[in-house]
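For reference, the structure discussed in these notes is given below.
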Amino acid sequence: MDEDKSPGNDIMKKVSKIVIGLILLGMIALAWHREFLLELPYNWFAQGIFVSEDTDSFDPGPVAGSHFPGLQAEYNGGRVTLLTDFAGAAGTVLVVLRSLAKSTICQQQLVQLEALYPQFSAAGIGLVVISPDEPFVQDTFATEYGITIPLLSDTAALSTITLGIQNQAYSRSDRLYGTPYAGSLVISRDQRIVGKLFLENDNTRVDAAATLSFARHLLQH
């Protein structure tokens, strides 16, 4: 009997074809679900970091009911002192990030906020983010992750100081001096502070959905 036509060789050829087919199917599935697989470590990392409410007494920044003190930030090459140009029909939420360049938590938070940006707009709530990052850092991140929320740059920490949200853990000689507390300010159409979300644990954030719900409750009543 010809060795190449033996029953054993036929079986091995069939098995090889099946294995190759399974490998190809696996490669196709991997490519199809690549984005999901890449997000798995990020989603695991986010567990326990994002919470649904602010339950502590930590409360830096302007007193609720006071007038919004303004900013000294940069946006699209110009200076921003007020948020009126970004306000929605109901008001504005200003989200403060510690750093997009250095904080994975802040990066994930911004991606979360972007996913709900249309819902903020639909509720008549303007959404603005400010961080101490250089504009090119913000622009690079925005391009890579499809961020369309306005990103204000506060490299000199002037807005942080004006708002009274400067992290007191860092002295003037520290390279992190001027780093803000991460959180959110809810501002009415008449430029009053009507609510704040700041957590004492700097490794946690109020999630985007809860922030929207909190702002909607305050601004639409």
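Quick note: the coordinates plus some simple rules give every number you see, no bench work behind them. Quantities reported herein were computed from a predicted structural model and do not represent experimental measurements. In this analysis, Cβ positions are derived from the backbone assuming ideal geometry, glycine residues included, and neighbour counts consider all displayed protein chains.
Worth a mention:
- Distance-filtered residues of the range 77-111 - backbone nitrogen under 15 Å, label point 7 angstrom along ALA156 Cα→Cβ: 77-82
- Fully extending the segment from ARG175 to THR81 would add 31.3 nm, taking 0.36 nm per residue of separation and subtracting the current Cα-Cα distance.
- Annotation: extensible slack from SER121 through HIS217 equals 33.1 nm (criterion: 0.36 nm per residue apart, minus Cα-Cα distance).
- The length gained on full extension between GLU134 and GLN168, counted as 0.36 nm times the residue separation minus their Cα-Cα distance, comes to 10.1 nm.
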